[in-house]
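Data first, discussion second: the structure below is written as structure tokens.
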Amino acid sequence: MNEVVYEKSFDANEWFVLINLLFIIIVFILPRIFNRLESVAYFLYGVFIAMFFDHTISVGPWDFYDVNDSAAYQLLDFLSYLSFGTYSYLFMYLYVRFKIKGFFNILYIAVWTVFSLGVEWVGLKVGLYHYDKGFQSYWSISIYLLVQSSQILIYHLIVKTRGRAQE
Amino acid sequence: MAISISFILVWFFVSCFLLIPKTLSFLHNFILFMFTTIVSTNVMTILTMQLEFIKNTQNPFLFIVFILYRDVLIPVIVLLFVNVSLHSEKKRLFFLLALLILVLFDYFLVQFKVMEFIKWNFLFAMIVHSAYLLIGLLISKLLTAMDNRGESIK
């Protein structure tokens, strides 16, 4: 297999993924405000979105970036996707806790987009991401805005259809 | 050509899913969709990048067809199958129908060179698609069981 290898040592990017994985504990520590299935949905959303975009724009023919030490799909890549679940859960948790409504939705999404860009920047510095073909961090802004807005819309749909089967 | 045909087919199956009476709730369908997409994405990445059993197109435009297949068509067919067959006695018939649609789409992708089978064939494809459908059914039963525990926070 002809693959790109950036490095092979256990260093900052591996620690970054493992520390992020530890944050999953937060999901269990926080007082529960969602039922079990809704918690699963909000956690899974982050994993789903991260996998969708990574396995779409970071693979050939587009291949805008690589994740972790090489271009190959590794166990660490898979583990790094799980940590996105914590962020998507927290996104929804704080949204409900702070009772975000009306125009505050825009502010809330903007704050989370800035936070996401910050986490991505740290990921870039520690070697979790390796950009290619001129990819820039700010390209991700549109993705963050889209997926966070979608998550809020889905949350409202879930609330609206709570306790009833589909028509 | 391949992009147009795949868009039409995906539109048709998504429309069918939106219009059929559903046995699962929105939340159940949403979780099942995400779960199936995660599984199919990982399977396709492992088959193409790691094992190199399948070679996906390197044409950026045709790659859209591959994404539609992996992230929309497979999960939507699983959702259709689960919602239609969950409480039906014609499970086997719906299973075979869903399997046929998925394998025909595989054939379409191979014909239009969206993917190329290297160490892969339609029998293996049928086995993997059967696994998607059965996992879908299993997950839906698990979700229903979790819901029936009657847990309520609010």
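Brief remarks on what is shown
- Residues within segment B:97-154 that are in a loop (DSSP other than H, G, I, E, B) and surrounded by fewer than 12 Cβ atoms within 10 Å (Cβ to Cβ), tallied: 9
- Residues that are within 14 Å of another protein chain (Cβ to nearest Cβ) and among the charged types (D, E, K, R) do not occur anywhere in segment A:108-129.
- As a summary of the residue check, A:F52 satisfies the conditions (1) on the phi > 0 side of the Ramachandran plot; (2) surrounded by 14 or more Cβ atoms within 10 Å (Cβ to Cβ) except for the one numbered (1).
- Within segment B:1-39, being in contact with a Lys or Arg (Cβ under 9 Å, 6 or more places away or on another chain) and more than 10 Å from chain A (Cβ to nearest Cβ) holds for one residue alone: B:A2.
- Within segment B:82-96, considering residues that are of a type in the set (K, R) and exposed (fewer than 12 other Cβ atoms within 10 Å of the Cβ), the one nearest to B:I54 (Cα to Cα): B:R92
- Residue match in segment A:96-104 (condition: farther than 30 Å from A:V5 by Cβ and either crowded, with 21+ Cβ neighbours inside 10 Å or in contact (Cβ under 8 Å) with a residue 60 or more places away in the chain (or both)): yes
- All positions within segment B:127-147 that are without any contact (Cβ under 8 Å) to a residue 60 or more places away in the chain and within 11 Å of chain A (Cβ to nearest Cβ): B:L142, B:A145, B:M146
- The listed residue being facing chain B (nearest Cβ under 7 Å), in contact with a strand residue (DSSP E or B) (Cβ under 9 Å, 6 or more places away or on another chain) and either surrounded by fewer than 22 Cβ atoms within 10 Å (Cβ to Cβ) or closer than 22 Å to A:I152 by Cβ (or both), out of A:Y45, A:Y73: A:Y73
- Considering (1) under 24 Å from B:V110 (Cα atoms); (2) among the hydroxyl-bearing types (S, T, Y); (3) away from chain A (no Cβ under 11 Å), the lone condition that B:S85 does not fulfil carries the number (1).
- Total residues in segment A:149-167, condition of a type in the set (G, A, S) and either at pLDDT 90 or above or in contact with a strand residue (DSSP E or B) (Cβ under 6 Å, 6 or more places away or on another chain) (or both): 2
- Within segment B:55-66, the set of residues being surrounded by 21 or more Cβ atoms within 10 Å (Cβ to Cβ) and either β-branched (V, I, T) or not in a helix (DSSP H, G or I) (or both) comprises B:N56, B:V65.
- Number of the exception - A:V122 against (1) aliphatic (A, V, I, L, M); (2) loosely packed, with under 15 Cβ neighbours inside 10 Å; (3) within 17 Å of A:L94 (Cβ to Cβ): (3)
- Residue that is farthest from A:E7 (Cα to Cα) [pool: residues in segment A:59-70 that are facing chain B (nearest Cβ under 7 Å) and hydrophobic (A, V, I, L, M, F, W, C)]: A:W62
- Pairs meeting the criteria (first residue in segment B:44-73 and within 16 Å of B:Q111 (Cβ to Cβ) and more than 9 Å from chain A (Cβ to nearest Cβ), second residue of a type in the set (A, V, I, L, M) and in a strand (DSSP E or B), beta carbons under 7 Å, at least 6 apart or on different chains) are B:I54/B:M115; B:K55/B:M115; B:F66/B:M115.
The values are calculated or read from the model by the stated rules, or taken from the named source; none is laboratory data. In this text, all values refer to a predicted model and were calculated from it rather than measured experimentally. Methodologically, a virtual Cβ is constructed for each residue, glycine included, from the backbone with ideal geometry; neighbour enumeration extends over all protein chains shown.
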